[in-house]
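Beneath this line is the structure, given in structure tokens, with notes to follow.
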Amino acid sequence: MELYHIKDNEKEIRERFYQYLSFGTGGMRGLLGAGTNRVNLYTIRLVSEGLALYVKDCGKEAMQRGVVIAYDTRHFSKEFALESAKVLGKYNIQVHLFSESRPTPQLSFAIRHLHAFAGIVITASHNPADYNGFKVYGEDGGQLSPKSASKIENLMKTNTDIFSIGIGDEHRLIEMGILHLILDEIDNAYHNKLNSLTKNPSIAKRFGKELSIVYTPLHGSGLFPVMKGLESFGFQNVYIVEEQANQDPNFPTVRSPNPEAIEAFELAMAMGSKINADLLIATDPDADRLGVVVKDKAGNYVQLTGNQIGVLLLYYILLQKTYKEELPHNGVLLKSIVTSDMGRAVGSKFGIKTVETLIGFKYISEKIEEYNKTGEYSFLFGYEESCGYLIDDFTRDKDAVQAALLIAEIASYYKVLGKTITCVLHELYEEFGYFLESVTSYQMLGKEGQLQIQHLMKFLRNEPLTLSSLVIAIEDYYEQKRYYSSGRIEQLPLPKADAIKFHLADDSWICVRPSGTEPTVKFYFGVKKETLKEASLSLINLEKEFMHHLCQCCSDMLLTN
């Protein structure tokens, strides 16, 4: 019926069928609907069979260790999870399927806890309601490596008839012991680990009543683990935004269930104002991203950026470990190339090494695994500017549940000292400098959009960038080289990626990259100044100057949406 309604719309037909939905290192994500370029029963079966063939090729042990499958609260997430299980089960691959929706980080934990070979989570993270996706994880609990993802993609291409993919019978698979439903064991094990995160156990236990918290899961899977975790920590004054506690896949109370957007906090702020709450927190549908709103000096609610949340978590972790004399001599902070350099400055104060990774938490996870094996560094904290944080590596993806518990402890700790979160941020800025950042995204839909993005990246690589501040270095992550204005060239110790970063003489920077999971291109900007006023003005001017440069030089591109 869906296809019947578009039978005379050539453009819509082309968009739905001009390609198979792309599968990358993060899996696949797209609009729900009929067509090879959409997420539906048949494309889910196709990617599931690709994974099944990959596991089978890895041998009997891999098949016996099996695959863990979780899902969020989106349209068809539960159905797609079961469909994936039935495809894998057809190949006699052991499957551990969550019986209820659970966060992506809990899927990561479950892989490691069950010693599984791989994992799947059905989610589209913070995208609008008409999206869904399929993310694949490796045996370390991190997102699949590019090498493994490429193997799965090639195995998918061996299928010549998407409608011929067979599936096992659910009840028969359960009877045979191939399909196992899981929930309570993983919940309990995960929460035991969460309880170990506290850096100052007496704070919440003694003062948990004094901190007032409003939490919204934004209709997602975070409600149970976040509330249970806050209770275990000792927080007794927690209010839930009831309108957003319902796991409604339409996300009816928000335009997009993205905790990075202040609009997602409208109901939480209304409740917070009524009860005079100190802290407002939100998680996205698969609870891997955390948003935070706090009060400023005037008592108004203000949203923290992902970078600010990250610096607060980092500083608190390092401070508490220093007090307890638990700070390792080889501690390391992991952050992405577009995450604020303020984290590096904070780490340096405590003698902590900072290592940068490409954008995508899988790269942070890979570094954790590497350092755990080599012993070169001890992982202390990892984060991305897009509200993704990891405090302890019992999960290997960004974990909003972990971050929610610790940010509550931080707010409680400073409230006991008579300080607000905004006060602490001001002190950190005064000590380390005013680092400010912004990000702008532009959608470029369909085949035409892909060509526009390719055009843009080619232009940035081949044409000089002339701004009021001199470009002193260019990092081209596709060529894996750093080019200095002096003519010197260095090799970048990072995997290949389609991104480019410009370092300017005034300590500011610009990074441009196409999204790996969405039809968008993102522009990141960062500055550092001695005062907030200087930094704010510098950031506005930098963004305006760069985008004006692009619009002048790329007038054929859709950079005005």
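The values are calculated or read from the model by the stated rules, or taken from the named source; none is laboratory data. Quantities reported herein were computed from a predicted structural model and do not represent experimental measurements. Please note: Cβ atoms are built from the backbone with ideal geometry, for glycine as well, and neighbour counts cover all protein chains shown. The protein model used for the area step is the full one, side chains on, heavy atoms only, and it has no ligands, DNA or RNA in it. Shrake-Rupley method; radii C 1.70, N 1.55, O 1.52, S 1.80 Å.
I'm checking my understanding of the structure. Among residues of region 287-335 that are aromatic (Phe, Trp, Tyr) and crowded, with 16+ Cβ neighbours inside 10 Å, which one is farthest from Tyr389 (Cα to Cα)? Only one residue fits best here, namely Tyr301. Take the residues of region 499-550 that are closer than 25 Å to Pro128 by Cα and charged (D, E, K, R): which is nearest to the chain's Cα centre (by Cα)? Step by step, filter region 499-550, then rank; the result is Glu518.
You will find that of Gly360, Gly331, the residue that is modelled with pLDDT under 95 and either in contact with a Pro (Cβ under 6 Å, 6 or more places away or on another chain) or of a type in the set (Gly, Ala, Ser) (or both) is Gly360 and no other. Among the helices (runs of 4 or more DSSP H) confined to region 29-118, the ones with at least 1 residues that are small (Gly, Ala, Ser), touching a Lys or Arg at 6+ places or on another chain (Cβ under 7 Å) and under 27 Å from Asp399 (Cα atoms) are located at 104-113.
Results for (1) surrounded by fewer than 22 Cβ atoms within 10 Å (Cβ to Cβ); (2) without any contact (Cβ under 8 Å) to a residue 40 or more places away in the chain; (3) closer than 19 Å to Gly177 by Cα, shown as yes or no for each residue.
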position: Gly66; (1), (2), (3): no, no, yes
position: Phe76; (1), (2), (3): yes, no, no
position: Glu79; (1), (2), (3): yes, yes, no
position: Ala85; (1), (2), (3): no, no, yes
position: Leu88; (1), (2), (3): no, no, yes
position: Ser99; (1), (2), (3): yes, no, yes
position: Ala110; (1), (2), (3): no, no, yes
position: Ala129; (1), (2), (3): yes, no, no
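Which of the residues belonging to region 265-291 are under 25 Å from Cys423 (Cβ atoms), touching a residue at least 12 places away in the same chain (Cβ under 8 Å) and among the small types (Gly, Ala, Ser)? Correct list: Ala268, Gly272, Ser273, Ala277, Ala282, Gly291. Applying the condition of being open to solvent by less than 20 Å² (accessible area, probe 1.4 Å) and under 25 Å from the mean Cα position of the chain (by Cα) to region 22-36 and asking which residue is modelled with the lowest pLDDT yields Gly26. Does Pro249 meet the test of being open to solvent by 10 Å² or more (accessible area, probe 1.4 Å), modelled with pLDDT of 95 or more, in a loop (DSSP other than H, G, I, E, B) and over 21 Å from Gly382 (Cα atoms)? It is true that Pro249 is open to solvent by 10 Å² or more (accessible area, probe 1.4 Å), modelled with pLDDT of 95 or more, in a loop (DSSP other than H, G, I, E, B) and over 21 Å from Gly382 (Cα atoms). Applying the condition of being of a type in the set (S, T, N, Q) and surrounded by 18 or more Cβ atoms within 10 Å (Cβ to Cβ) to region 336-358 and asking which residue is farthest from Tyr434 (Cα to Cα) yields Thr357. Every condition in (1) in contact with a Leu (Cβ under 7 Å, 6 or more places away or on another chain); (2) surrounded by 23 or more Cβ atoms within 10 Å (Cβ to Cβ); (3) touching a residue at least 60 places away in the same chain (Cβ under 8 Å); (4) hydrophobic (A, V, I, L, M, F, W, C) is met by Phe361 except one, and the failing one is (1).
Scanning region 194-209 for residues being in contact with a Ser or Thr (Cβ under 8 Å, 6 or more places away or on another chain) and over 18 Å from Asn237 (Cβ atoms) gives a total of 2. Taken over region 270-286, residues that are open to solvent by less than 30 Å² (accessible area, probe 1.4 Å) and farther than 12 Å from Glu260 by Cα amount to 6. Only one of these conditions is not met by Ile186: (1) touching a Gly at 6+ places or on another chain (Cβ under 9 Å); (2) within 27 Å of Pro285 (Cβ to Cβ). Which number is it? All conditions are met except number (1). Residues that are in contact with a His (Cβ under 8 Å, 6 or more places away or on another chain), over 25 Å from Val439 (Cβ atoms) and charged (D, E, K, R) within region 240-283 comprise just one, Asp248. Taking region 155-243 and the helices (runs of 4 or more DSSP H) fully enclosed by it, the elements with 2 or more residues that are open to solvent by 20 Å² or more (accessible area, probe 1.4 Å) and in contact (Cβ under 8 Å) with a residue 12 or more places away in the chain are at 184-195, 201-207, 223-233.
Looking across region 364-381 at every residue that is under 20 Å from the mean Cα position of the chain (by Cα) and more than 15 Å from Thr104 (Cβ to Cβ), the one that is surrounded by the most Cβ atoms within 10 Å (Cβ to Cβ) is identified as Phe381. Of the residues examined, Gly50 is one that is touching a helix residue (DSSP H, G or I) at 6+ places or on another chain (Cβ under 6 Å) and closer than 21 Å to Gln19 by Cβ.
When region 294-328 is filtered for residues that are within 27 Å of the chain's Cα centre (by Cα) and polar (S, T, N, Q), the ones remaining, listed by number, are Gln303, Thr305, Asn307, Gln308, Gln320. Could you tell me whether Glu260 is open to solvent by 50 Å² or more (accessible area, probe 1.4 Å), more than 26 Å from Arg206 (Cβ to Cβ) and within 18 Å of the chain's Cα centre (by Cα)? Yes; evaluated as a whole, the condition is true for this residue. Could you check region 454-498 and list, in sequence order, the residues that are part of a loop (DSSP other than H, G, I, E, B), open to solvent by less than 80 Å² (accessible area, probe 1.4 Å) and under 21 Å from Tyr363 (Cβ atoms)? Tyr477, Gln480, Leu492, Leu494, Pro495, Ala497, Asp498, listed by residue number. Taking the criterion of being of a type in the set (Asp, Glu), open to solvent by 10 Å² or more (accessible area, probe 1.4 Å) and over 20 Å from His113 (Cβ atoms), the only residue of region 385-409 that qualifies is Glu385. Restricting to region 128-154, and then to whatever is over 28 Å from Gln443 (Cβ atoms) and part of a loop (DSSP other than H, G, I, E, B), can you tell me which residue is nearest to the chain's Cα centre (by Cα)? Of everything passing the filter in region 128-154, Gly142 is nearest to the chain's Cα centre (by Cα).
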